[in-house]
Amino acid sequence: MRMRNKPWVAKYLEEFDHDVLIKEPSVYKGKWRSRLNKDIIHVEIGTGKGDYWLRMAKLYPNYGWIGIEKERNCAAIALKKAVVEPIDNRCFIIADASMISEWFADKEIDVIHLNFSDPWPKKRNHKKRLTHDLFIETYDKVLKNDGQIIMKTDNQQLFEFSLLNMQDKWRLNSVFVNFDSVVHQDVVTEYEKKFIDEGKPIYRAVWQKR
Ligand SMILES: C[S@@+](CC[C@H](N)C(=O)[O-])C[C@H]1O[C@@H](n2cnc3c(N)ncnc32)[C@H](O)[C@@H]1O
């Protein structure tokens, strides 16, 4: 999500002093369960403005929820929402998720959520897709043995790319091409709401590490 620079963001983040923001995530490598005091760790990569990450943390208080977002304007909005919520089973990292294996020990994460990830349609940019092998190989390291990746997208090309790329390495547990018309317990993200309002189909897949 490319946002126009918001004038308040630089100062807000510079002065931000609340335990929701983890400024040096590698300090917690191997210790996220004790940091969040939870046995199950969910990570959302590319939280945008943070609604999904925060609402899931409220809905599922027995899990720890870690949001990762590289875009500082979005991250600042997510943090503004987080600091007024009286919950402590969540934390947030502002950085590029390509560093994820620097922050998490092998098999430390239970579930990775990828919601409406940037589609990067041009071939030369495919390596930036969050389901490119460059990312999938690091997820494989940091996810526990039966850990899952859950993806939602409106983008058919990205969805097909992801299904094809994962098919030999991961078990496909479920797939929907019409998740918008299914009764479910999942939180609807900001982008998802926009696409549903536009009448676009929502694709969803769940893969499990073999
Ligand atoms: C299209 S937005 C979707 C936001 C939100 N998940 C939703 O569904 O409303 C994708 C977000 O992923 C973030 N993102 C993309 N690649 C990332 C990466 N490698 N590391 C961290 N965040 C990333 C972008 O900055 C952007 O905010």
Just name the residue that is least open to solvent (accessible area, probe 1.4 Å) out of those in region 175-201 that are in contact with a strand residue (DSSP E or B) (Cβ under 6 Å, 6 or more places away or on another chain) and within 13 Å of Ile150 (Cα to Cα). Phe179
Within region 71-85, can you find the residues that are more than 16 Å from the chain's Cα centre (by Cα) and either farther than 21 Å from Pro7 by Cβ or open to solvent by 70 Å² or more (accessible area, probe 1.4 Å) (or both)? Lys80, Val84, Glu85
Within the set of pairs 6+ apart or on separate chains, which have a first residue in region 11-32 that is in contact (Cβ under 8 Å) with a residue 24 or more places away in the chain and open to solvent by less than 60 Å² (accessible area, probe 1.4 Å), a second that is assigned to a helix (DSSP H, G or I) and not charged (D, E, K, R), and C-beta atoms under 7 Å apart? Tyr12/Ala76; Leu13/Ala76; Phe16/Leu79; Val20/Leu79; Val20/Ala82; Leu21/Leu79; Ile22/Tyr28; Pro25/Trp103
Within region 43-70, can you find the residues that are within 11 Å of the ligand (Cβ to nearest atom), in a helix (DSSP H, G or I) and over 10 Å from the mean Cα position of the chain (by Cα)? Asp51
Options Asp118, Asp88; residue that is open to solvent by 10 Å² or more (accessible area, probe 1.4 Å), more than 15 Å from the ligand (Cβ to nearest atom), part of a loop (DSSP other than H, G, I, E, B) and among the charged types (D, E, K, R): Asp88
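Out of Leu172, Leu134, Leu158, which single residue is within 22 Å of Ser98 (Cα to Cα), at pLDDT 95 or above and open to solvent by 50 Å² or more (accessible area, probe 1.4 Å)? Walk me through how you get there before you give the answer.
Values: Leu172 fails: within 22 Å of Ser98 (Cα to Cα); Leu158 fails: open to solvent by 50 Å² or more (accessible area, probe 1.4 Å).
Exactly one of Leu172, Leu134, Leu158 is within 22 Å of Ser98 (Cα to Cα), at pLDDT 95 or above and open to solvent by 50 Å² or more (accessible area, probe 1.4 Å), namely Leu134.
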If you go through Lys152, Lys128, the only one that is farther than 17 Å from Trp207 by Cβ, within 15 Å of the ligand (Cβ to nearest atom) and of a type in the set (Lys, Arg) is Lys128
Val142 fails exactly one of the following numbered conditions: (1) within 15 Å of Arg204 (Cβ to Cβ); (2) among the aliphatic types (A, V, I, L, M); (3) in contact (Cβ under 8 Å) with a residue 40 or more places away in the chain. What is the number of that condition? (1)
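Of all residues in region 141-154, how many are assigned to a helix (DSSP H, G or I) and either at pLDDT below 95 or surrounded by 18 or more Cβ atoms within 10 Å (Cβ to Cβ) (or both)?
As a first pass, look at region 141-154 and keep what is assigned to a helix (DSSP H, G or I): 141-142.
Imposing the further condition that a residue be either at pLDDT below 95 or surrounded by 18 or more Cβ atoms within 10 Å (Cβ to Cβ) (or both) reduces the set to 142.
Residues flagged as assigned to a helix (DSSP H, G or I) and either at pLDDT below 95 or surrounded by 18 or more Cβ atoms within 10 Å (Cβ to Cβ) (or both) within region 141-154 amount to 1.
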Name the residue, out of Lys169, Lys144, that is under 28 Å from Ser26 (Cα atoms), touching a helix residue (DSSP H, G or I) at 6+ places or on another chain (Cβ under 8 Å), basic (Lys, Arg) and more than 12 Å from the ligand (Cβ to nearest atom). Lys169
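Can you tell me how many residues within region 33-62 are among the polar types (S, T, N, Q), touching a residue at least 12 places away in the same chain (Cβ under 8 Å) and open to solvent by 70 Å² or more (accessible area, probe 1.4 Å)? Write out each step before concluding.
First pass over region 33-62, keeping only residues among the polar types (S, T, N, Q): 34, 37, 47, 62.
Then keep just the ones that are touching a residue at least 12 places away in the same chain (Cβ under 8 Å); that gives 37, 47, 62.
Now restrict to residues that are open to solvent by 70 Å² or more (accessible area, probe 1.4 Å): 37, 62.
Number satisfying all stated conditions: 2.
The values are calculated or read from the model by the stated rules, or taken from the named source; none is laboratory data. Computed from a predicted model, the values in this text were never measured in an experiment. Because the Cβ atoms are built from the backbone with ideal geometry, glycine has one as well, and the counts that use them run over all protein chains shown. What goes into the accessible areas is simple: the full protein's heavy atoms, side chains included, and nothing from ligands, DNA or RNA. Shrake-Rupley method; radii C 1.70, N 1.55, O 1.52, S 1.80 Å.
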